[in-house]
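The values are calculated or read from the model by the stated rules, or taken from the named source; none is laboratory data. For clarity, every value in this text was computed on a predicted model and none was experimentally measured. Don't worry about glycine lacking a Cβ; one is built from the backbone with ideal geometry, like all the others, and counts go over all protein chains shown.
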């Protein structure tokens, strides 16, 4: 049987590891969510890899901001400006270069 000092050390070590993992997880999750990535995946990754998850989340490219409800996010074929267009529209005029573009052509 293990001595009480050894058991106490193991309990303290496990509690300390969990606290550190939660801190790394919250940091990685916050970074990921600001880049519109799934924060839960990076929280789990931080439990497994620790501070390496923060580095991975920092180097991941950001996704485009999601479109509001009832709209679709499209990119202009001329100037590559991203804009939100109502789903029922068949064409849109780019806010930057004023190019008129068919919605079907822009969504490809």
| request: Determine which single condition residue 74 fails, assuming it passes every other condition in (1) in contact with a helix residue (DSSP H, G or I) (Cβ under 9 Å, 6 or more places away or on another chain); (2) assigned to a loop (DSSP other than H, G, I, E, B); (3) surrounded by 12 or more Cβ atoms within 10 Å (Cβ to Cβ). | output: (2)
| query | Looking at (1) modelled with pLDDT under 90; (2) surrounded by fewer than 16 Cβ atoms within 10 Å (Cβ to Cβ), which is the one condition that is false for residue 106? | reply | (2)
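So that you can scan it fast, the table gives a plain yes or no per residue for (1) part of a helix (DSSP H, G or I); (2) loosely packed, with under 12 Cβ neighbours inside 10 Å:
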{"site": "16", "(1), (2)": "yes, yes"}
{"site": "25", "(1), (2)": "yes, no"}
{"site": "41", "(1), (2)": "yes, no"}
{"site": "45", "(1), (2)": "yes, no"}
{"site": "48", "(1), (2)": "yes, yes"}
{"site": "61", "(1), (2)": "no, yes"}
{"site": "68", "(1), (2)": "no, yes"}
| remark: Within the range 78-98, the count of residues that are surrounded by fewer than 15 Cβ atoms within 10 Å (Cβ to Cβ) and in a loop (DSSP other than H, G, I, E, B) comes to 12
